[in-house]
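Enquirer: Below you will find the structure I want to go over with you.
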Amino acid sequence: MVTEQLQPRHIHNKRVLTAMASIPRHLFVAPDMQAQAYDDVALPIAEGQTISQPYIVALMAAALQLHGDERVLEIGTGSGYAAAVLALLAAEVITIERHRALAVSAAQLLDQLGYATVAVIEGDGSLGWPPDAPYDAISVPAGAPDVPPILLDQLADGGRLVIPVGPPEEQRLLRIVRQGARFIRDDLGPVRFVPLIGAAGWTHDHRPEQHDPR
Ligand code: SAM
């Protein structure tokens, strides 16, 4: 996965590559999906959601520019895989999932695997998680109609928000860096994620039945 998918696609961040090489991704998917766990695709998980394609996990993790001492908020725990990656890159990870079944199973798996610095919270993360703000980095692996201003408010000075923004069929992956009262944006390219559903996201799932999201 690392040498055939990530490095050829210009993921050069050594900490991200090392983290992803060490995490047993097959444990984050259902038993009948394990043979495909390291393939270059998103895979279905429970509740009609997905574990993101490895390249996209790596791209987002690298874009967060983590050095090891950060507090990170992830919005969309899903399987818990990306939270495990973030746990190896930062000091503390708070991850929120709106589907109770996913939050429970991810929390159990992360606990079993010893990721003690990850806290899984069940709820609507489109509003962030004010009790632990500000965050050095916020990762949103779900497509939002717009950048929720409340997430910008929860960024520390110098903090990075990585979020896909745009219509359900295709979004642009944005990185927004806070510099005091200014927010500097750059566009990391086209992506296709499952929707961010909640008070500052979509009101419901607009996806067509046939889809191939990341
Ligand atoms: N990071 C995950 C992983 O490694 O498996 C993949 C995330 S999946 C692409 C997006 C997740 O975001 C889904 O599990 C979905 O239920 C969740 N989600 C969507 N809207 C949400 C919200 N408002 N708050 C929390 N989770 C949300």
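Enquirer: So if I check each of 114, 158, which one is away from the ligand (no atom under 15 Å from the Cβ), farther than 27 Å from residue 40 by Cβ and part of a loop (DSSP other than H, G, I, E, B)? Give the derivation first.
Expert: Details: 158 fails: part of a loop (DSSP other than H, G, I, E, B).
Unique residue meeting the criteria: 114.
Enquirer: In the stretch 23-78, what residues are closer than 20 Å to residue 103 by Cα and among the acidic types (Asp, Glu)?
Expert: 47, 74
Enquirer: Checking residue 199 against (1) open to solvent by less than 40 Å² (accessible area, probe 1.4 Å); (2) within 12 Å of the ligand (Cβ to nearest atom); (3) touching a residue at least 40 places away in the same chain (Cβ under 8 Å); (4) hydrophobic (A, V, I, L, M, F, W, C), only one condition comes out false. Which one?
Expert: (1)
Enquirer: Would you pick out the residues in the stretch 135-161 that are surrounded by fewer than 16 Cβ atoms within 10 Å (Cβ to Cβ) and in contact with a Leu (Cβ under 6 Å, 6 or more places away or on another chain)?
Expert: 150
Enquirer: When you go through 45, 75, 96 one by one, which is the residue that is aliphatic (A, V, I, L, M) and touching a residue at least 60 places away in the same chain (Cβ under 8 Å)? Quick ask: steps written out before the conclusion?
Expert: Numbers: 45 fails: touching a residue at least 60 places away in the same chain (Cβ under 8 Å); 96 fails: touching a residue at least 60 places away in the same chain (Cβ under 8 Å).
The match here is 75.
Enquirer: Would you mind finding the one in 46, 82, 103 that is over 25 Å from residue 175 (Cβ atoms), within 15 Å of the ligand (Cβ to nearest atom), crowded, with 20+ Cβ neighbours inside 10 Å and at pLDDT 95 or above? Reasoning before the result, please.
Expert: Values: 46 fails: crowded, with 20+ Cβ neighbours inside 10 Å; 82 fails: over 25 Å from residue 175 (Cβ atoms).
On inspection, the qualifying residue turns out to be 103.
Enquirer: I'm trying to understand the selection: among the residues of the stretch 13-38, which are part of a loop (DSSP other than H, G, I, E, B) and either open to solvent by less than 70 Å² (accessible area, probe 1.4 Å) or modelled with pLDDT under 95 (or both)? Don't jump to the end; show me each part of the working.
Expert: Step one: list which residues in the stretch 13-38 are part of a loop (DSSP other than H, G, I, E, B), which gives 13, 23-24, 29-30, 37-38.
If the condition is that a residue be part of a loop (DSSP other than H, G, I, E, B) and either open to solvent by less than 70 Å² (accessible area, probe 1.4 Å) or modelled with pLDDT under 95 (or both), then 13, 23, 24, 29, 30, 37 are the ones that fit.
Enquirer: Every residue in the stretch 78-101 that is part of a helix (DSSP H, G or I) and more than 18 Å from residue 24 (Cα to Cα), please. Don't jump to the end; show me each part of the working.
Expert: Initially, the stretch 78-101 is screened for residues part of a helix (DSSP H, G or I), giving 81-89, 100-101.
Result: 100, 101.
Enquirer: Just checking, does the stretch 130-138 include any residue being among the aromatic types (Phe, Trp, Tyr), touching a Lys or Arg at 6+ places or on another chain (Cβ under 8 Å) and under 16 Å from residue 77 (Cβ atoms)? Walk me through it before giving the result.
Expert: If we filter the stretch 130-138 for residues that are among the aromatic types (Phe, Trp, Tyr), which is where we start, we get 135.
If we keep only those that are touching a Lys or Arg at 6+ places or on another chain (Cβ under 8 Å) too, we end up with 135.
Filter again for under 16 Å from residue 77 (Cβ atoms), leaving 135.
Among the residues of the stretch 130-138, at least one is among the aromatic types (Phe, Trp, Tyr), touching a Lys or Arg at 6+ places or on another chain (Cβ under 8 Å) and under 16 Å from residue 77 (Cβ atoms), which makes the answer yes.
Enquirer: Going through the stretch 62-77 one residue at a time, which ones are part of a loop (DSSP other than H, G, I, E, B) and either open to solvent by 10 Å² or more (accessible area, probe 1.4 Å) or away from the ligand (no atom under 12 Å from the Cβ) (or both)? Quick ask: steps written out before the conclusion?
Expert: Our first condition is that a residue be part of a loop (DSSP other than H, G, I, E, B); within the stretch 62-77, this holds for 64-70, 76-77.
Hits for the stretch 62-77 are 64, 65, 66, 67, 68, 69, 70, 76.
The values are calculated or read from the model by the stated rules, or taken from the named source; none is laboratory data. Quick caveat: nothing in here was measured; it's all calculated off a predicted structure. Neighbour counts run over all protein chains shown; Cβ positions are idealised from the backbone, glycine included. Keep in mind that these areas ignore ligands, DNA and RNA; they rest on the heavy atoms of the full protein, side chains included. Shrake-Rupley method; radii C 1.70, N 1.55, O 1.52, S 1.80 Å.
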